[in-house]
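The values are calculated or read from the model by the stated rules, or taken from the named source; none is laboratory data. These figures come from a predicted structure and were not determined experimentally. Cβ placement follows ideal geometry from the backbone for every residue including glycine, while neighbour counts extend to all protein chains displayed.
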Amino acid sequence: MVFPVGCESVWQLMNGAMSNGSLTGLVANTWAERGIAVPFTTPALAQARMRRDDGSKRREFILPSLSGGKGCYVMPWKSILGSMTTTLHDRVLFDLMQQHDVDCPIKMRHVTLEVAAKGLSGPRAARKAQEILDNEKQYQVLTTFLLVLQLLKLVNVSSQELIAEGLASESAQRRMRSALIGVADRLKIPHDDLYGRIESLSSLISPIGLPQAPEPGRLRALTDDLTVFRDTVRGWATAMPDEIAQIGEFEAQVAEMTNQMANKSVLRVDGETEGLAAMLRAWDKRFTSVSAEVRQLSWLLDGWDYVITLFHEVSDKSDKERQNMLADTFPLLPQIPREEFEVADDKKVGALGVIQRRWVRGNEDWRTGVLDYDQVQRLEARRAAMK
Amino acid sequence: MSTLQKWREIALVSLGLPDDKLLGVLALVEQVPDRDQVREVLDKIRPRLVKLRPPRTITLQRLLFRPVEDLFDPPERYRAKIGRLSRHTVQPCWVVIRNLVDRPLLERTEKALKTIDATNATDLYEVGLAFWGAAGRVLSAFLAADDSVGRRKVGTESVIVTEDMRQQLTDIADILAIAAEVETAKIHLPEKPISLLSQVDSKFLTEVITRLGGESTRKVQTFILVVLARMAKPGDLLSVLAEASIPCSTHERNGLVKTVGTNALAKLAFEAQDLRLARGKPTDPAEATQAAEQMVSRLMSLEKTLGGMRDKNVAEHIQSTRREIGTYVVETLAVKADEALFENLRAKAEGVTRSGGKEPTTEQVEDAEKSAISLRRCARIAETVGVKREMEKKIATVCGQLEREATAPETDTATRERRLIRSVRLIELIAGPDEAQRVLMSQFNSGE
């Protein structure tokens with residue numbers, strides 16, 4: 001394990017936005033430019049976004065302005081280490097991010113859960129992370145099973161018949177194998193390839209899940225949460241002071257746009273899995289297209305799980321705490337990159353951007369610069385509450 | 001079984017009841033007219049009530065003591081001659097006032113109480129104003145009429161007056177005489193504990209002090225005594241007092257600041273002493289550490305104001321208070337946190353984990369982490385209370401012990417890794433991430 005140390009203090013201010021004060025300058029052009037939300041437990045780094053520097057390709061992190069002013073900081077890891085005290089969890093997480101060459105939210109999630117499961121963000125988060133990892137494995141098995149059942153229908157073998165025989169029984173297994181051979185023949189693909197393709201597809205789409213699954217996949221559920229978030233926050237905003245109400249409305253709008261785009265992706269993936277036979281025939285092309293949809297969805301929803309956790313935390317709290325939540329989540333709101341923007345409303349976004357940069361972040365003990373472990377624990381508790 | 005014994009039994013049973021049931025008992029107790037009978041129940045459940053903060057029904061007695069309530073201490077923690085009052089004084093004081101205050105006024109006030117919102121300070125002020133004035137006057141007259149100690153007859157009842165109780169009753173009478181100012185201040189100032197006095201607050205306090213100072217220095221002292229009990233940083237109030245324009249000599253003013261300040265210091269020292277002496281009692285480490293941090297904050301604020309007086313006596317007071325808090329931090333708080341930390345971790349070795357399994361449960365690890373944070377916070381305040389070296393030693397010992405536990409041989413790799421991470425986490429919470437990283441790296445390097 002190598003933990004980089006150093007104090008190369010290169011605080012770069014994000015280009016454009018600082019000079020003209022417009023938020024539109026802060027909207028990334030692409031997902032890669034927006035970066036991946038990293039669930040660090042150092043308060044100043046919470047939900048920082050990681051991306052690759054265009055030139056050197058080294059990892060750099062985008063942090064909201066520490067003083068609460070306009071703009072944000074873009075810092076390489078070495079500068080972060082030289083500028084603030086980071087938790088051991090974050091040092092190990094960064095190390096693993098490098099080892100696994102994390103370049104998308106799905107990989108990030110996997111690495112995050114791996115670190116949390118070791119216990120580096122506390123015992124409760126460790127238990128939760130292990131539970132999530134186990135559940136996700138089981139969910140993938142379920143997805144595979146549902147895909148197989150769908151294929152068996154092509155050769156007129158119903159799930160009821162197999163269940164009646166007892167799924168684990170030798171006769172049912174034999175029948176299933178012979179039916180799958182029949183499916184492969186019918187689809188004109190090698191027998192050995194069929195199961196491999198099902199496994200790959202299942203692994204790819206299990207974060208979304210199949211529409212017929214008894215429980216929705218993680219990303220499908222998160223997409224639904226956005227609707228609840230949008231409606232509830234809009235309701236809260238009506239009774240809030242004007243400035244914060246605007247923020248609430250802005251957050252609701254971003255949630256709505258994200259939800260619309262996410263739903264489209266989910267529907268496209270559902271369409272492909274519904275016509276499973278056609279997909280398996282034109283495998284390379286269709287698999288690439290589903291991969292692109294899943295990738296799009298994971299980028300689109302990246303960072304929303306944290307916002308939704310904060311939202312749930314205050315749902316039964318006072319109006320003041322809800323206002324604080326809206327203010328806290330505002331700078332962290334996962335924005336949709338310009339090239340993905342289908343329904344642009346730059347004027348409104350620009351006006352709200354001025355407000356977005358006003359909030360002060362008190363995250364370190366200002367007297368000593370040492371970590372505020374009460375805040376670290378709050379972040380760890382959120383990790384334990386995430387789905 | 002006597003009635004008193006029955007109440008005692010109720011008090012014991014109440015302690016084990018869930019919150020809603022406890023509040024049910026409180027509602028019944030509130031209806032008992034003779035407070036003497038139920039005092040034991042109330043004393044026993046008071047710590048829970050402090051946390052629950054149930055809406056309290058307002059009685060005439062409660063209204064009477066509203067201006068002085070911030071000065072009351074439980075009898076076992078009460079110390080004489082530092083401007084505090086014992087809860088034991090409530091009953092005799094009430095007997096005196098109930099018997100001597102004009103009956104129609106009592107009835108009028110009691111009737112008015114039923115018509116107002118008991119949580120509204122302004123309503124209570126309006127209803128209580130005449131009552132407090134009259135009560136203060138009759139209490140003063142009662143004390144002036146006979147300066148002897150012993151049993152005194154009041155109407156059809158009698159009270160036993162001791163030297164100390166005389167002093168307490170005098171203080172209560174003085175406060176009741178300025179109840180209007182005290183209650184107005186409560187309405188104007190932030191909720192207690194007041195952590196910050198704004199400019200508006202300071203201006204308000206200066207005006208009240210100046211006005212009372214025009215009447216007598218004693219009234220100023222009484223007013224300060226009450227407001228001081230509501231301050232998280234009492235030094236801030238003393239600064240306001242030191243700068244207010246009171247028609248008295250500098251010597252007198254300094255004397256006033258010194259008297260009130262040393263009383264606050266003494267109270268602080270006694271608090272630390274009480275906490276230290278209650279060592280065996282199970283307390284939440286986070287709450288205990290927070291209490292210590294608040295004491296340090298109070299000490300620092302008093303030192304800031306009183307330190308400038310260059311008074312040898314005051315300096316000694318500050319030193320002894322610092323020593324007392326320091327001793328509490330290093331000998332009680334840190335020791336308790338250390339014990340609790342290893343108690344939770346070592347449950348495994350003794351096979352007494354809550355889960356009955358081989359390793360500590362999530363809850364036990366969390367408790368150990370709470371203790372670790374408590375130790376870290378102790379270390380943070382150690383320098384201020386003069387125990388920096390002792391705390392450093394303690395931290396080094398605890399971390400050394402954790403490191404040994406982290407590196408102890410274990411046949412099962414998964415268990416070994418879990419224990420290593422657990423210990424490293426605790427080291428991080430106590431000594432920071434750099435030290436934790438060193439231990440973690442040393443393990444990886446030795447494993448390679």
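A few remarks follow.
For (1) of a type outside the set (A, V, I, L, M, F, W, C); (2) modelled with pLDDT under 90, each residue gets a yes or a no:
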residue: A:A221; (1), (2): no, no
residue: A:D242; (1), (2): yes, yes
residue: A:A255; (1), (2): no, no
residue: A:G271; (1), (2): yes, no
residue: A:W299; (1), (2): no, no
residue: A:D319; (1), (2): yes, yes
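- Complete set of residues in the stretch A:90-109 that are under 18 Å from A:K78 (Cα atoms) and either of a type outside the set (D, E) or within 13 Å of the chain's Cα centre (by Cα) (or both): A:R91, A:V92, A:L93, A:F94, A:L96, A:M97, A:Q98, A:Q99, A:V102
- A:V343 being modelled with pLDDT of 90 or more and aliphatic (A, V, I, L, M): no
- Hits in the stretch B:101-116 (condition: assigned to a loop (DSSP other than H, G, I, E, B) and not aliphatic (A, V, I, L, M)): B:D102, B:K114, B:T115
- Single residue of the stretch B:125-165 satisfying the filter (of a type in the set (S, T, Y) and outside any loop (DSSP other than H, G, I, E, B)) that is farthest from the chain's Cα centre (by Cα): B:S158
- Exactly one residue out of B:T415, B:T397 is hydroxyl-bearing (S, T, Y), under 29 Å from B:A291 (Cα atoms) and more than 10 Å from chain A (Cβ to nearest Cβ): that is B:T397.
- Of all residues in the stretch A:325-339, those satisfying the criterion of being of a type outside the set (K, R), in a helix (DSSP H, G or I) and modelled with pLDDT under 90 are A:A327, A:D328, A:T329, A:F330, A:P331, A:L332, A:E339.
- Top-ranked residue of the stretch B:368-384 - restricted to ones that are facing chain A (nearest Cβ under 10 Å) and under 17 Å from B:V296 (Cα atoms), ranked as surrounded by the fewest Cβ atoms within 10 Å (Cβ to Cβ): B:R380
- For B:T119, the criteria (1) under 19 Å from the mean Cα position of the chain (by Cα); (2) part of a loop (DSSP other than H, G, I, E, B) hold in every case but one, which is (1).
- Of all residues making up the stretch B:195-239, the number that are outside any helix (DSSP H, G or I) and farther than 19 Å from B:T305 by Cα: 1
- Matching entry among A:L146, A:L151 (being under 16 Å from A:L210 (Cβ atoms), under 25 Å from the mean Cα position of the chain (by Cα) and of a type in the set (A, V, I, L, M, F, W, C)): A:L146
- Residue match in the stretch B:173-189 (condition: of a type in the set (S, T, Y) and without any contact (Cβ under 8 Å) to a residue 40 or more places away in the chain): no
- Pairing residues of the stretch B:426-439 that are more than 14 Å from B:T397 (Cα to Cα) with residues that are among the charged types (D, E, K, R), at Cβ distances under 8 Å and at least 6 apart in sequence or on separate chains, gives B:E428/B:E435; B:L429/B:E369; B:L429/B:R376; B:P433/A:R91; B:A436/B:R425; B:A436/B:E428; B:Q437/A:R91; B:V439/B:E403.
- Looking only at the stretch B:107-136, residues that are in contact with a helix residue (DSSP H, G or I) (Cβ under 7 Å, 6 or more places away or on another chain), surrounded by 14 or more Cβ atoms within 10 Å (Cβ to Cβ) and over 19 Å from B:A185 (Cα atoms) come to 7 in all.
Conditions tested, residue by residue: (1) buried (at least 23 other Cβ atoms within 10 Å of the Cβ); (2) without any contact (Cβ under 8 Å) to a residue 12 or more places away in the chain.
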residue: B:E287; (1), (2): no, yes
residue: B:Q294; (1), (2): no, no
residue: B:L299; (1), (2): yes, no
residue: B:G307; (1), (2): no, yes
residue: B:R310; (1), (2): no, yes
residue: B:A315; (1), (2): no, yes
residue: B:Q319; (1), (2): no, yes
residue: B:I325; (1), (2): yes, no
residue: B:Y328; (1), (2): yes, no
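- Leading residue by the ranking (surrounded by the fewest Cβ atoms within 10 Å (Cβ to Cβ)) among those in the stretch B:428-448 that are among the aliphatic types (A, V, I, L, M) and facing another protein chain (nearest Cβ under 9 Å): B:M441
- Some residue of the stretch A:356-365 being modelled with pLDDT under 50 and within 15 Å of A:E251 (Cα to Cα): yes
- Residue check for B:A242: over 17 Å from the mean Cα position of the chain (by Cα), touching a residue at least 60 places away in the same chain (Cβ under 8 Å), part of a helix (DSSP H, G or I) and surrounded by fewer than 22 Cβ atoms within 10 Å (Cβ to Cβ): yes
- Residue match in the stretch A:172-193 (condition: within 21 Å of the chain's Cα centre (by Cα) and in contact (Cβ under 8 Å) with a residue 60 or more places away in the chain): no
- So B:P54, is it in contact with a strand residue (DSSP E or B) (Cβ under 7 Å, 6 or more places away or on another chain) and either at pLDDT below 90 or outside any loop (DSSP other than H, G, I, E, B) (or both): no
- Scanning the stretch A:275-319 for residues that are without any contact (Cβ under 8 Å) to a residue 12 or more places away in the chain and either within 17 Å of the chain's Cα centre (by Cα) or assigned to a helix (DSSP H, G or I) (or both) yields A:A278, A:D284, A:K285, A:T288, A:A292, A:V314.
- If you go through the stretch B:133-170 and keep only what is within 21 Å of B:T109 (Cα to Cα), at pLDDT 95 or above and not hydrophobic (A, V, I, L, M, F, W, C), you end up with B:G133, B:G136, B:R137, B:S140.
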